[in-house]
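See below for the structure under consideration.
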Amino acid sequence: MVIASAGRARVTSGAEKMLYTAYEMGYAFVAPARIAAGLGARFWRSPLNPAAATLIGRTSAAALDVFENVMRRYPKPDWGVTETIVNGAPVPITIETVEKKPFCTLLRFRRDPDALRAARGGDAAPDPRVLIVAPLSGHYATLLRGTVEAMISDHDVYITDWTDARHVPLVQGRFDLNDYVDYLIDFMRTIGPGAHGMGVCQPGPALLSAAAVMAEDGDPCRPASITIMGSPIDTRRSPTTPNLLAQERDYAWFEQNMIYAVPAPYAGVMRRVYPGFVQLYSFLAMNSDRHMDAHYDYFQNLVKGDGDSTEKHRAFYDEYLSVLDMTEEFYLQTIREVFQEHSLAKGEFMHRGRPVRPEAIRDIALMTVEGENDDISGIGQTQAAHDLCVNIPEALQRDYIQPEVGHYGVFNGSRWRTEIQPRVAEFIRMAEAEAEKRPELKAAAE
């Protein structure tokens, strides 16, 4: 069958169609055993079972529980963000859909205005509006739950909630890195003038490109600031294992070995994608010993009845093992432009027939954040944004390296909450004050 792919007609091979189908058949094949394991675990834990409290009962239940969890499918997690605390008072949160596009939904974490005003003693001054750009790199935007939770008490938070490509019908067309940039520009315009952008990991190049295009056009909705965290702006600096792997293989290898067709009955049937399960197995293989140890510890904690530890394990893997598919054209263009040709870093990235010029940015504040032990985006890769944005005044630039954290710790966990986020919040407030000097914002305020 001939389908549209990456801007050209392409023949879909039998192998491309069959791997995804084989994966789905394998999942269906083990379904009876998975269901039986779940029932068996409940049997051994039942208070009506006299052996439930024995070592045999606890061990049997734990083994069946581990099997059931390893074999089940992990759906998109819920956000689970229902309130925030402001000055010690709870403020309810409503998650609203602001704009829906085929490949992404713009969400807003809307704080109850009456509760917020009461928590602040009647102060109704608006908080900075921040668009958090979640990575489109295999996991859902809910991976940034901790990022959102730390921001919403003092910011009006929006986020890009990317859609699993397997659920997008072919009639909706393609989605590549340039479409990604267009989405960010559209979302900034929807949020309105004076908002701020925060790119976490993979979206750094796209956010920087969107800001550059908007700055060159004098777009009144260009962001007041952009914060780029643990991002591959220039992967030639301190290359990590994933960076080196992208360099060792040529473009054709990724095209021939990483792309497969979505099978029925998904809405995106025949769409060519980089499947989430392929990337997940790559993640697991990179740290197989760590994951094996984690599941062994999970088994031991189930036997011991350590509820806190088992809940932490489940919460982590419910998120980690839930994955989405990326379109072929987005994945392959990202491999080529970001990790192989370094086109943005070299001033060669094109958007809709025009060069992307970070040097056009003059009044958008820039902050970069890196983790000392980041094994995904090495030290200097994110900092490279400052070298590209040569016309941003020094007073509008910040660079911060967080000691003793890896990639995930840059945007989640205790160091993020207590050390990184306060610095980001202070930077945004500074940029907010500077942005008010813009003529178009002055006119809007008047």
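Observations
- The stretch 219-336 - percent relative contact order, Cα under 8 Å, separation 6 or more: 28
- Of all the options ILE364, ILE93, ILE159, the one that moves most in a Gaussian network model of the chain with Cα springs shorter than 10 angstrom is ILE93.
- Two-site FRET efficiency, ARG438 against ASP297, from Cβ-Cβ distance with R₀ of 60 Å, rounded to 0.05: 0.65
- Cα→Cβ-extended label distance, 7 Å offset, between SER288 and ILE35, nm: 3.2
- A simple spin-label model places pseudo-atoms 7 Å from Cα toward Cβ; at ALA124 and ALA89 they are separated by 1.5 nm.
- For ARG129, distant residues with modelled amide H under 5 Å away: ASP156, HIS196
- Of ASP363, ASP217, ASP289, the residue with the greatest mean-square motion in the GNM of the chain, using alpha carbon springs below 10 Å, is ASP289.
- Shape category assigned to the stretch 89-182 from the gyration tensor of Cα positions, a/c cut at 1.5: prolate
- The amide H of GLU99, built 1.01 Å from its N in the peptide plane, has LEU106 as neighbours under 5 Å, considering only residues 5 or more places off or on other chains.
- Amide H to amide H, with H built 1.01 Å from N, VAL405 comes under 5 Å of GLU372, ASN373, counting only residues 5 or more places away or on other chains.
- GLU248/ALA51 FRET efficiency (R0 56 Å; Cβ-Cβ; nearest 0.05): 0.55
- Each of HIS155, HIS167, HIS196 was scored by other Cβ atoms within 10 Å of its Cβ. Arranged with the fewest first, they read HIS167, HIS155, HIS196.
- Unsatisfied cross-links (Cα-Cα over 27 Å) in the set LYS76/LYS100; LYS76/LYS312; LYS76/LYS304: LYS76/LYS304
- Percent of beta bridges antiparallel (DSSP, the chain, rounded to nearest 5): 55
- Ellipticity estimate at 222 nm from DSSP helix runs (n ≥ 4, -39,500 (n - 2.57)) divided over the chain, nearest 500: -12500 deg cm²/dmol
- Calculated FRET efficiency, THR190 to GLN397, Cβ-Cβ distance, R0 = 45 Å: about 0.95 to the nearest 0.05.
- The C-alpha atoms of the chain define a longest principal axis, and helix 14-45 lies at about 60 degrees to it.
- In Hz, Karplus ³J(HN,Hα) per residue of the stretch 270-282 (6.51, -1.76, 1.60; θ = phi - 60°; x = Gly, Pro): 6, 6, 8, 9, 9, x, x, 5, 5, 5, 4, 5, 5
- Phi angles across the stretch 313-330 convert, under the Karplus curve 6.51 cos²θ - 1.76 cosθ + 1.60 with θ = phi - 60°, into 3J(HN,Hα) values of 4, 5, 4, 5, 6, 4, 7, 5, 8, 8, 10, 10, 8, 10, 5, 3, 5, 5 Hz, Gly and Pro given as x.
- Whole-Hz ³J(HN,Hα) from phi, Karplus 6.51 cos²θ - 1.76 cosθ + 1.60, for the stretch 396-403, glycine and proline x: 9, 10, 9, 9, 9, 10, 8, x
Every number in this text was worked out from the coordinates using simple rules, so none of it is lab data. Predicted, not measured: the structure shown is a model, and the values here were computed from it. Here the Cβ is made from the backbone with ideal geometry for all residues, glycine too, and neighbour counts use every protein chain on show.
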